[in-house]
Amino acid sequence: MIFHYKVGFLGVGNLAQAIIKGLIENKTLPPSHIFAANRSPGKLQKVADTYGIQAMATNEDVINACDVVILAMKPQDLAAAIDPISSAFSDGQIVISLAAGFNLRSLEKRLPHCRIARLMPNTPSLISRGVLGYVVADDEDKALPTVVEDLFTPLGYVLGVDDEDQFEALMISCSSGTGFVFELMTYWQDWIEERGFDPAVARKMTVETFLGAAMLASQSKDIPLEDLQNKVSSKKGITAAGLQSMRELETERTLRISFEKAALRNQELAKEN
Ligand SMILES: NC(=O)c1ccc[n+]([C@@H]2O[C@H](COP(=O)([O-])OP(=O)(O)OC[C@H]3O[C@@H](n4cnc5c(N)ncnc54)[C@H](OP(=O)(O)O)[C@@H]3O)[C@@H](O)[C@H]2O)c1
C-alpha cells in the first residue's frame, strides 16, 4: 500500500489536476499527503482550495516534502524546471515523469540518483477510464511498478511495458489514439447531421454507437473483434458493402500511416530534448 507515501506534483495543469482528483476521490491518498508547486501561484492556490492539498512555495519544497515526485509540466519546461534543482532530489527518491517526448535516458542523465518511471495517461483518465502505460528505468527495481500501479489504478487500466519502443506504441495507440477516435467520431456525426438530424441527436447517435461497440467488445472478451464484426455483416449485405468500400479505400493504411507519423514526431521530440 502506498497510503503512507507523500506524493508531490511539480505543475498542477490539466493532467495533474485529473490525477489529484482521482487520488482523492478514490481515497488512494488523503489530501494531507499530496503536495504541489506551480509556476503561476494563482492556479496553485485554486487547486489547493478545491482539493485541500498542500500548496508549496517552490518545487524544491515539494521535493523535500515527498517520497514520490511527479513531473507534470509540459516537456518543453521540464529541463529548465529540474536542472537547477537536481541536487534537491534525494538518493533513491521516486520520480515519475508524465512528459511526452522526454525519454528515460534524458531523465536518468539529469537525475542519476533517482528511481525513475515514465507514465503516459490518456484523457479518459479524467473519468477513470484511462489507459495508463508506464516504463521504469531500472528493470531490477521490482518495488517501483507496485508504487506506480497503486497510485494510478484509480484512473483506469495501468499497464507496465518492457521498454520505450513499447511505451511509444502504447502512447500513440492510446493517448494520441484517443484523438484519432475523436477524428472518426467527428466524421460520423457530420454524416448523420447531413441527413437532417439535429446536431445534439447526431452526437448522441455517434457516441452511443462507439460506446456500445466498445462495451460489447469489452463484455465479449473471448470473442475476437473480427467475429464481432462478422455478426453485423452478412454476405452481399448492407454492412458488407460499406466494409468493402473501407477496405478498397485502404482505411487500415490511412490509420497505420497516422500511427507511424505520430511515432516519428515522438522521436523528433525525444531528439530535441
Ligand atoms: N493532457 C493530456 O491529455 C496528457 C496526456 C498524457 C501526457 N501528458 C503530459 O502531461 C504533462 C502536463 O500536461 P498538461 O496537459 O497537464 O499541461 P498544462 O495544463 O499546461 O500543465 C502544465 C503545468 O506545469 C506548470 N509549470 C510549467 N513550468 C513549471 C515549473 N518550472 N515549475 C512548476 N510548474 C511548472 C504550468 O504552470 P502555469 O500555470 O504557469 O502554466 C502548468 O500549470 C505534459 O508533459 C504532457 O506531455 C498530458
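The values are calculated or read from the model by the stated rules, or taken from the named source; none is laboratory data. Given the structure is predicted, the values throughout are model-derived calculations rather than measurements. Here the Cβ positions follow ideal geometry from the backbone for every residue, glycine too, while neighbour counts run over all protein chains shown. For accessibility, only protein heavy atoms count, side chains too; no ligands or nucleic acids. Shrake-Rupley method; radii C 1.70, N 1.55, O 1.52, S 1.80 Å.
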Legend entry - Candidate aspartates and glutamates - alpha carbon under 20 Å from Lys43, same-chain residues fewer than 8 apart omitted: Glu60, Asp61, Asp77
Inset, instruction - Please give the per residue accessible area of the range 1-68, computed with a probe of 1.4 Å over protein heavy atoms only, in Å². - result: 49
Legend entry - the chain, helix-only ellipticity at 222 nm - DSSP H runs n ≥ 4, -39,500 (n - 2.57), divided by all residues, nearest 500: -15500 deg cm²/dmol
Inset, instruction - Loop sites only, by DSSP: take the GluC sites (Glu not before Pro) in the chain that have at most 14 other C-beta atoms within 10 Å and name the longest stretch containing none of them. - result: 1-139
Legend entry - Gained length - Lys231 relative to Ser32, 0.36 nm times residue gap less alpha-carbon distance: 66.4 nm
Inset, instruction - At 7 Å along the Cα-to-beta-carbon direction for both Thr58 and Lys46, put a label point, then send me their distance in nm to one decimal. - result: 2.6
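Which percent of the accessible heavy-atom area of the range 210-273 goes to carbon and sulfur, probe 1.4 angstrom?
Result for the range 210-273: 58 percent of the exposed heavy-atom area is carbon or sulfur.
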Inset, instruction - Averaging sequence separations of C-alpha pairs under 8 Å and six or more residues apart, then dividing by the length of the chain, give the relative contact order as a whole percent. - result: 14
Legend entry - Per-q log10 I(q)/I(0), the chain, q = 0.13 Å⁻¹ (Debye; single scatterer per alpha-carbon; no solvent): -0.93
Legend entry - C-alpha center-to-center spacing [the range 221-265, the range 6-60] in angstrom: 42
Inset, instruction - Specify whether the C-alpha gyration tensor of the range 159-242 places it in the rounded, prolate or oblate class, a ≥ b ≥ c being the square roots of the eigenvalues: rounded for a/c under 1.5, otherwise prolate if a/b is larger than b/c and oblate if not. - result: oblate
Inset, instruction - Sticking with the crude label model, points 7 Å out along Cα→Cβ, report the distance from Ser86 to Ala263 in nm, one decimal please. - result: 3.0
Inset, instruction - Give me the distance in nm between label points sitting 7 Å out from Cα along the Cα-to-Cβ direction at Lys142 and Leu216, one decimal. - result: 4.4
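Hey, if we sort Leu184, Leu10 by accessible area with the 1.4 Å probe, largest down, what's the order? Present the calculation step by step, with values, prior to reporting the outcome.
Details: Leu184 65, Leu10 0 Å².
Most to least solvent-accessible, the answer reads Leu184, Leu10.
Taking the solvent-accessible surface of protein heavy atoms with a 1.4 Å probe, what is the per residue accessible area of the range 171-272 in Å²?
Values: 8060 Å² over 102 residues.
Solvent-accessible surface per residue comes out at 79 Å².
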Inset, instruction - List the lysines whose Cα lies under 27 Å from the Cα of Lys142, skipping any in the same chain that are fewer than 8 positions away. - result: Lys6, Lys27, Lys109
